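The values are calculated or read from the model by the stated rules, or taken from the named source; none is laboratory data. As the structure is a prediction and not an experimental result, all values here were calculated from the model. Here the Cβ is made from the backbone with ideal geometry for all residues, glycine too, and neighbour counts use every protein chain on show.
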Amino acid sequence: MGQIVRSGAFLQQCWSVHPLCVAVKRMTDDNRLILSCTSCRFVHHLTPSSVVVRASAVLDQAEDSSREDPIPDSGQAQLAGCLAEHPSALSLREMDVFEDLVLVRCAECRRHYAVTVSSFETHQK
Ligand SMILES: [Zn+2]
Ligand SMILES: [Zn+2]
């Protein structure tokens with residue numbers, strides 16, 4: 001294993017420089033969300049503190065009215081289910097390092113997952 005950097009800065013940089021190279025890969029057994037960048041060979045580990053599921057349409061219309069009909073506790077499980085069943089349908093849509101928030105879209109289920117991240121780690125391959 002290479003170096004580990006505990007910061008969201010690398011993911012932010014990947015996201016701003018080459019967003020299409022950042023892929024949502026999987027959820028680990030200890031509930032960490034793994035994103036990898038094909039361009040700079042970084043693997044980003046995100047520890048979610050909460051996952052809120054939103055329908056895509058709701059998000060597009062009213063981005064600010066968050067917490068609309070959150071489904072308690074099931075967000076993370078649903079995200080894990082999506083990653084197990086159709087990982088290629090998931091993509092990083094937005095990220096906000098100041099809010100520690102990333103938005104993952106599932107094209108298959110037409111849902112967005114608003115993931116509040118309690119810690120970021122970037123691993124060099
Ligand atoms: Zn990158
Ligand atoms: Zn899905």
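Taking the criterion of being farther than 19 Å from F120 by Cβ and assigned to a strand (DSSP E or B), the residues of region 85-109 that qualify are R105, C106. It is to be established whether one or more residues within region 113-122 are modelled with pLDDT of 95 or more, in contact with a strand residue (DSSP E or B) (Cβ under 6 Å, 6 or more places away or on another chain) and more than 29 Å from G2 (Cβ to Cβ). Yes - at least one qualifying residue is present in region 113-122.
Is region 11-21 home to any residue that is within 16 Å of ligand 2 (Cβ to nearest atom) and surrounded by 14 or more Cβ atoms within 10 Å (Cβ to Cβ)? If you could, list the steps in order and put the result at the bottom.
Residues of region 11-21 within 16 Å of ligand 2 (Cβ to nearest atom): none.
Checked region 11-21: no residue is within 16 Å of ligand 2 (Cβ to nearest atom) and surrounded by 14 or more Cβ atoms within 10 Å (Cβ to Cβ).
What number of residues within region 69-96 are away from ligand 2 (no atom under 16 Å from the Cβ) and within 12 Å of the chain's Cα centre (by Cα)? Final tally of qualifying residues: 3.
Listed by first and then second residue, the pairs with beta-carbon distance under 8 Å, at least 6 apart or on different chains, first residue in region 74-99 and within 13 Å of T116 (Cβ to Cβ), second polar (S, T, N, Q), are G75/S50; Q76/N31; Q76/S50; M95/Q12; V97/Q12; E99/T116. Of the numbered criteria (1) part of a helix (DSSP H, G or I); (2) within 16 Å of ligand 2 (Cβ to nearest atom), the one K25 fails is (1). V58 meets the conditions (1) away from ligand 1 (no atom under 15 Å from the Cβ); (2) at pLDDT 90 or above; (3) over 20 Å from V97 (Cα atoms) in every case but one. The failed one is (2). Taking first residues from region 101-117 that are polar (S, T, N, Q) and partners that are more than 16 Å from ligand 1 (Cβ to nearest atom) and not in a strand (DSSP E or B), the Cβ contacts under 8 Å between residues at least 6 apart in sequence or on separate chains come to T116/E99; T116/D100. Considering region 13-34, the residues that are in contact (Cβ under 8 Å) with a residue 40 or more places away in the chain and within 10 Å of ligand 1 (Cβ to nearest atom) include one that is nearest to A89 (Cα to Cα), namely V22.
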